[in-house]
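Just so you know, all these numbers are worked out from the coordinates, no wet-lab data involved. These figures come from a predicted structure and were not determined experimentally. Heads up, the Cβs are rebuilt from the backbone with ideal geometry, glycines too, and the neighbour counts pull from every protein chain shown.
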Amino acid sequence: MKKFISLAAAALLVFFLSTCARKPEEPEPDYPGMMMQAAQQGDVDAGRQAQRLWEQSLAESGEEGKVMDFDQLYLLSRLIHFKYGHYRYSNELRMCAGEVMLNRMASPEYPDTLEEVIFQKGIEEEVDEEAFALCVSPSKDCVKAAARLLQGERMLEPEVVLEKHYPAAGVYAMFCNDLLGNTYFYKSEHPELYKAGNN
């Protein structure tokens, strides 16, 4: 009996020691977080590297998932910061401003790439490219808004593609700011283009 107890105790000791010696699994790196941090710092190389590592990780694990495009994240973050980086603007307004850009990309009325949409000439809210070029380190809130949009969050309908700083008929959404001025969002003037199967 004593021999049996000794063997059992020895077995338990071996099991305990082997369990303790086992290296704990390391958590998966936060690739989206790495990309967002790189965007804040304006570190394009680090952001693209994080995207590549994320893609590689998904490929090796066989998991399905959508990887954010760092260049789009950085460009959209800069645009949101350029327009609404002031701390008095709400994150909801930042989300809507970024979503309008994505809606335009998907719209038959506007160019097909984010860069072309942002720098489109001849529109009411044309972006000054020289001033925009100086915006290289978007704020954390602006980067977060861009990331949420690129990961699928939405606040508007697909046909909301107009943004103005004065009221007009048919306001879809309005953000009031007594200090910095109000912002208004509108649906396209051509709703027939946004019916199912037309875009």
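Listed options for Cα extents along the principal axes in Å are [x] 92, 40, 32; [y] 57, 51, 31; [z] 81, 36, 27. The value calculated from this structure is the one marked [x].
Taking a ≥ b ≥ c as the square roots of the Cα gyration tensor eigenvalues, with a/c under 1.5 meaning rounded and otherwise prolate when a/b beats b/c, else oblate, which class fits the stretch 56-112? Let's see the in-between values first.
On the way: a/c = 2.78, a/b = 1.61, b/c = 1.73.
Note, shape of the stretch 56-112 comes out oblate.
Backbone phi angles across the stretch 156-170, fed through the Karplus curve with coefficients 6.51, -1.76 and 1.60 (θ = phi - 60°), yield HN-Hα couplings of 10, 8, x, 7, 7, 10, 10, 10, 9, 10, 8, x, 8, 5, x Hz in residue order; Gly and Pro are listed as x.
Couplings 3J(HN,Hα) of the stretch 33-45, computed from phi: x, 5, 5, 5, 5, 5, 5, 4, 8, x, 9, 5, 4 Hz, in residue order, whole Hz [Karplus 6.51 cos²θ - 1.76 cosθ + 1.60, θ = phi - 60°; x for Gly and Pro]. Let's test the formula: R0 of 25 Å, r as the Cβ-Cβ distance of Gln37 and Asp69. What FRET efficiency results, to the nearest 0.05? Approximately 0.95, to the nearest 0.05. Only DSSP H runs of four or more residues enter the estimate; each adds -39500 (n - 2.57), and after division by the residues of the chain the mean residue ellipticity at 222 nm equals -16000 deg cm²/dmol. In this structure the amide hydrogen of Asp43, modeled in the peptide plane, comes within under 5 Å of no amide hydrogen from residues 5 or more places off or on another chain. When only Cα pairs below 8 angstrom with a gap of at least 6 residues are kept, the chain shows a relative contact order of 20 percent.
What residues from the stretch 135-170 fall in the zone where the backbone N is under 19 Å from a label point 7 Å along the Cα-to-C-beta line of Glu126? Inside the label zone: 162-166. Label positions at Leu134 and Glu55, each projected 7 Å from the Cα along the C-beta direction, are separated by 3.5 nm. Largest GNM mean-square fluctuation across Glu60, Glu159, Glu125, computed for the chain with C-alpha springs under 10 Å, falls on Glu60. Remark: Ile118, Ile123, Ile80 ranked as Ile123, Ile118, Ile80, counting other beta-carbon atoms within 10 Å and listing the fewest first. Note on the chain: with a GNM built from Cα contacts shorter than 10 Å, the maximum mean-square fluctuation among Val160, Val143, Val171 falls on Val171.
Which length gain, in nm to one decimal place, applies between Asp112 and Glu153 when the Cα-Cα distance is subtracted from 0.36 nm times their residue separation? Before the final figure, lay out each step's value.
Numbers: separation 41, 0.36 × 41 = 14.76 nm, distance 1.99 nm.
Extra length available between Asp112 and Glu153 comes to 12.8 nm.
Exposure proxy shown here: for Met174, Met105, the number of other Cβ atoms within 10 Å sets the order, fewest to most, as Met174, Met105.
Translational diffusion of the stretch 76-194, estimated by Stokes-Einstein from the Kirkwood radius over alpha carbon pairs at 20 °C in a medium of 1.002 mPa s, is 147 µm² per second. GNM on the chain, alpha-carbon springs under 10 angstrom: the most fluctuating residue among Asp178, Asp30, Asp69 is Asp178. Residues in the stretch 104-110 carry Karplus couplings, in order, of 5, 4, 8, 8, x, 8, 10 Hz; the curve used is 6.51 cos²θ - 1.76 cosθ + 1.60 with θ = phi - 60°, and Gly or Pro positions show x. Note on Thr183, Thr113: ascending count of other Cβ atoms within 10 Å places them as Thr113, Thr183, the fewest first.
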